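Only one structure is covered here, and it is reproduced in the block below.
The values are calculated or read from the model by the stated rules, or taken from the named source; none is laboratory data. Just so you know, these numbers come straight off a predicted model, no measurement behind them. Counting neighbours? That spans all protein chains shown, and the Cβs are built from the backbone with ideal geometry, glycine included.
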Amino acid sequence: MRILVAGGAGFVGSHLCRRLLSDGHSVHCVDNLITGDFANLADLRDAPEFTFENADVANAAERDVDVVFHLASPASPVDYERLPLETLAANSLGTWRLAELARAAGASFTFVSTSEVYGDPLVHPQPESYWGNVDPVGPRACYDEGKRFGEALVTSMRRVQGLRATIVRVFNTYGPAMRRDDGRVIPEMMSAAIAGRPLVVHGDGSQTRSFMFVSDLVEGLVRIGLDPKGDGEVFNLGNPHEITIRELAELVRDLLAPGKEIVSIEAREGDPRQRKPDIAKVQRWYGWNPLVPLDEGLRLTASWFAPGRPLEGAAADPAINDPALTTNVPA
């Protein structure tokens with residue numbers, strides 16, 4: 001298939017490009033590099049079925065493609081708080097342009113949304129039918145509301161213009177190729193541990209998240225995006241294993257900096273208390289389940305952040321060398 005990946009130089013997008021190429025597809029990546037980095041794609045530079053377009057997705061050129069994945073948007077709080085207008089534009093004007101491009105080419109369109117559309121949820125875990133509890137003017141609003149607008153736009157274009165489209169709501173994802181200054185909790189903690197600084201927890205650390213390794217997310221995106229049966233549907237992709245942020249800090253500390261101090265600072269404004277996906281629908285439709293346990297995923301990620309650094313317990317765990325878990329890790 002001929003596949004366009006918008007935002008393909010980012011953390012998740014680069015893994016998706018690599019996976020699609022390894023599966024024998026032709027991939028065209030569009031990215032303006034405001035948060036992505038072409039270094040994530042450097043090993044693909046000479047791949048015969050890979051092309052790169054340095055452009056804003058709102059101005060992406062028409063192409064004859066079969067599938068469009070739209071991942072183009074700042075996705076870290078550090079980035080979308082710094083780039084709120086660009087975040088809104090990527091999810092509104094960018095979504096509109098890419099959806100029009102897909103419709104003109106007769107391609108299917110996968111809008112990669114976020115669990116942030118559920119806001120600070122009052123329902124736990126969150127199914128796709130939950131409408132959410134979002135602050136439309138809070139510090140995270142540009143991302144939350146940008147994605148909600150993108151979902152509404154895609155749904156309307158499907159109803160009115162016949163766009164073939166699927167929405168995927170992605171929960172917290174981590175893995176190799178995350179920027180060290182990304183600002184999300186796992187790279188933030190790992191960077192601190194590697195630098196010898198205390199690990200920081202916002203608030204008392206009792207807030208919960210569910211973390212999915214990037215190869216599991218990519219597997220879900222490929223299954224959904226390349227199968228037409230999901231047209232018109234919304235799917236959660238996430239790991240239902242829930243953990244407190246304090247427990248996560250202890251895992252990272254024990255892996256990279258045993259004995260290092262964990263300190264608590266003021267909670268972030270607008271930070272949700274709980275986040276856990278209900279994945280029954282994607283299990284039923286596609287047989288998808290996350291496969292990489294958190295401890296193994298953290299070791300794989302730490303190995304990428306600090307190559308050559310001895311990891312507590314890693315030598316005794318053969319899973320870290322399992323090719324099935326490292327398929328999407330950059331060489």
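This table checks each residue for (1) buried (at least 22 other Cβ atoms within 10 Å of the Cβ); (2) within 30 Å of residue 4 (Cα to Cα); (3) in contact (Cβ under 8 Å) with a residue 60 or more places away in the chain.
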site	(1), (2), (3)
226	no, yes, yes
239	yes, yes, yes
244	no, no, no
254	no, no, no
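Kindly provide the set of residues from region 119-138 that are under 20 Å from the mean Cα position of the chain (by Cα) and either over 19 Å from residue 233 (Cβ atoms) or not in a strand (DSSP E or B) (or both), ordered by number. Within region 119-138, 119, 120, 121, 125, 127, 128, 132, 134 qualify.
Report yes if residue 191 is of a type outside the set (Phe, Trp, Tyr), in a helix (DSSP H, G or I) and touching an Asp or Glu at 6+ places or on another chain (Cβ under 9 Å), otherwise no. Full working, then the answer.
Working: of a type outside the set (Phe, Trp, Tyr): yes; in a helix (DSSP H, G or I): yes; touching an Asp or Glu at 6+ places or on another chain (Cβ under 9 Å): yes.
Considered against the rule, which asks whether it is of a type outside the set (Phe, Trp, Tyr), in a helix (DSSP H, G or I) and touching an Asp or Glu at 6+ places or on another chain (Cβ under 9 Å), residue 191 comes out as yes.
Listed by first and then second residue, the pairs with beta-carbon distance under 8 Å, at least 6 apart or on different chains, first residue in region 174-195 and at pLDDT below 90, second among the β-branched types (Val, Ile, Thr), are 181/78; 182/78; 183/78.
Look through 180, 169 and report the one residue that is surrounded by fewer than 21 Cβ atoms within 10 Å (Cβ to Cβ), closer than 18 Å to residue 77 by Cα and either among the aliphatic types (A, V, I, L, M) or touching a helix residue (DSSP H, G or I) at 6+ places or on another chain (Cβ under 6 Å) (or both). Explain how you work it out, then say what you get.
Numbers: 169 fails: surrounded by fewer than 21 Cβ atoms within 10 Å (Cβ to Cβ).
Selected residue: 180, the only one of 180, 169 that is surrounded by fewer than 21 Cβ atoms within 10 Å (Cβ to Cβ), closer than 18 Å to residue 77 by Cα and either among the aliphatic types (A, V, I, L, M) or touching a helix residue (DSSP H, G or I) at 6+ places or on another chain (Cβ under 6 Å) (or both).
Residues checked against (1) modelled with pLDDT under 95; (2) farther than 14 Å from residue 71 by Cα; (3) part of a helix (DSSP H, G or I):
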position	(1), (2), (3)
81	yes, yes, yes
89	no, no, yes
98	no, no, yes
110	no, no, no
113	no, no, no
117	no, yes, yes
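Being farther than 19 Å from residue 232 by Cα and either basic (Lys, Arg) or touching a His at 6+ places or on another chain (Cβ under 8 Å) (or both) is a description that applies to residue 94.
Out of the residues in region 30-66 that are part of a helix (DSSP H, G or I) and closer than 22 Å to residue 103 by Cα, which is nearest to the chain's Cα centre (by Cα)? Break it down into steps so the answer makes sense when it comes.
Kept after step one, since they are part of a helix (DSSP H, G or I), are these residues of region 30-66: 38-44, 57-59.
Then drop every residue that is not closer than 22 Å to residue 103 by Cα, which leaves 57-59.
Values: 57: 18, 58: 20, 59: 23 Å.
Checked region 30-66; the qualifying residue nearest to the chain's Cα centre (by Cα) is 57.
Are any residues in region 206-221 crowded, with 18+ Cβ neighbours inside 10 Å and not in a strand (DSSP E or B), and if so, which ones? Within region 206-221, 207, 211, 214, 215, 216, 217, 218, 219, 220, 221 qualify.
Taking the criterion of being in a loop (DSSP other than H, G, I, E, B), in contact with a helix residue (DSSP H, G or I) (Cβ under 8 Å, 6 or more places away or on another chain) and closer than 23 Å to residue 78 by Cβ, the residues of region 224-269 that qualify are 238, 239, 257, 260, 268. Looking across 162, 175, 138, one residue alone is surrounded by fewer than 18 Cβ atoms within 10 Å (Cβ to Cβ) and at positive phi. It is 162.
Pick from 108, 156: which is surrounded by 21 or more Cβ atoms within 10 Å (Cβ to Cβ) and either out of contact with any Phe, Trp or Tyr (no Cβ under 9 Å at 6 or more places or on another chain) or over 17 Å from residue 212 (Cβ atoms) (or both)? First the steps, then the outcome.
Details: 156 fails: surrounded by 21 or more Cβ atoms within 10 Å (Cβ to Cβ).
Step by step, each of 108, 156 is checked, and only 108 is surrounded by 21 or more Cβ atoms within 10 Å (Cβ to Cβ) and either out of contact with any Phe, Trp or Tyr (no Cβ under 9 Å at 6 or more places or on another chain) or over 17 Å from residue 212 (Cβ atoms) (or both).
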